[in-house]
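Read the structure below first, then the notes.
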Amino acid sequence: MPRKRQQRRSVCPVACTLDVLGDKWTLLVIRDLLCGRSTFQEFLESPEGIATNILTDRLERLVGSGLVQTVPSTVRSDRHTYRLTDRGRALTPVLEAIRDWGLAHIPGTRARLKPPAAEA
């Protein structure tokens, strides 16, 4: 499915990136994908408690922006799973930096996002 071209507020890369990632759920869905979650149900089981309608919207946006792709499920023929594209995986250092900042500056936080294993 071709991506819809959205009008940009400006050419600022920070503003344009926030247009894609700048709500309270999107980076958590990407975090979960990086941690190995791939099904709608697995995303719902995250401790933050995302509502199904919000999750549906965020997954659709991530697929539409080319950060996530859908793959037919190997378990149920009427379902699919989600996985990051190369473009989505390129956000790994961003999530790691946010994780590291939170660990250093917000008492009581614990890391869930582990760096992906190095590929041979």
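Nothing in this text is a laboratory measurement; each read-out follows from the coordinates by a stated rule. No experiment lies behind these values; they were computed from the predicted model shown. A quick note on method: Cβ atoms are made from the backbone with ideal geometry, for glycine too, and the neighbour counts reach across all protein chains shown.
Can you work out the Karplus-derived ³J(HN,Hα) for every residue in region 90-100? Use 6.51 cos²θ - 1.76 cosθ + 1.60 with θ = phi - 60°, whole Hz, and x for glycine or proline.
Ordered by residue, 3J(HN,Hα) equals 5, 7, 3, x, 5, 5, 5, 5, 5, 4, 5 Hz.
Hey, can you grab everything whose amide H is under 5 Å from the amide H of V68? Only 5+ residues off in sequence or another chain; H modelled, so Pro and N-termini drop out.
Those qualifying (amide H under 5 Å, at least 5 residues apart or on another chain) are V63, T85.
Calculate, axis by axis, the spread of Cα positions in region 65-115 along the three principal axes, and write the results as whole Å, longest axis first.
Here the Cα extents, ordered largest to smallest, are 45, 22, 17 Å.
Compute and list, largest first, the equivalent-ellipsoid semi-axes of the chain from the alpha carbon gyration tensor, each √(5λ) rounded to a whole angstrom.
Gyration-tensor ellipsoid for the chain: 22, 21, 15 Å.
Once the piece of chain linking T39 and R87 is laid out straight, how much longer is it, given 0.36 nm per residue of separation minus the C-alpha distance between them? The partial results should precede the final answer.
Numbers: separation 48, 0.36 × 48 = 17.28 nm, distance 1.95 nm.
My answer for the length gained is 15.3 nm.
Compute the distance in nm between two label points, each set 7 Å from the Cα along the Cα-to-Cβ direction, one at I106 and one at D57.
Label-label distance for I106 and D57, simple model: 2.1 nm.
Given contacts defined as C-alpha pairs under 8 Å and at least six residues apart, what's the relative contact order of the chain, whole-number percent? Mind dumping the intermediate values first?
Numbers: 101 pairs, mean separation 27.6, N = 120.
Once normalised by length, the contact order is 23 percent.
Quick one: order I30, I50, I106, I98 by neighbouring beta-carbon count within 10 Å, fewest to most.
I106, I98, I50, I30
With r as the distance between the Cβ atoms of R8 and I98 and R0 = 25 Å, compute the FRET efficiency 1/(1 + (r/R0)^6) and round to 0.05. Intermediate results must be reported in sequence, preceding the final value.
On the way: r = 24 Å, r/R0 = 0.94.
Calculated transfer efficiency: 0.60.
What list of ³J(HN,Hα) values in whole Hz, one per residue of region 72-77 in order, does the Karplus curve 6.51 cos²θ - 1.76 cosθ + 1.60 (θ = phi - 60°) give from phi, with Gly and Pro shown as x?
Once θ is set to phi - 60°, the couplings for region 72-77 become x, 5, 8, 9, 10, 5 Hz.
Show me 13-19, 37-43, 72-78 ranked by packing, highest mean number of other Cβ atoms within 10 Å first.
Values: 13-19: 12.0, 37-43: 15.9, 72-78: 9.1.
My ranking of the peptides, most packed first, is 37-43, 13-19, 72-78.
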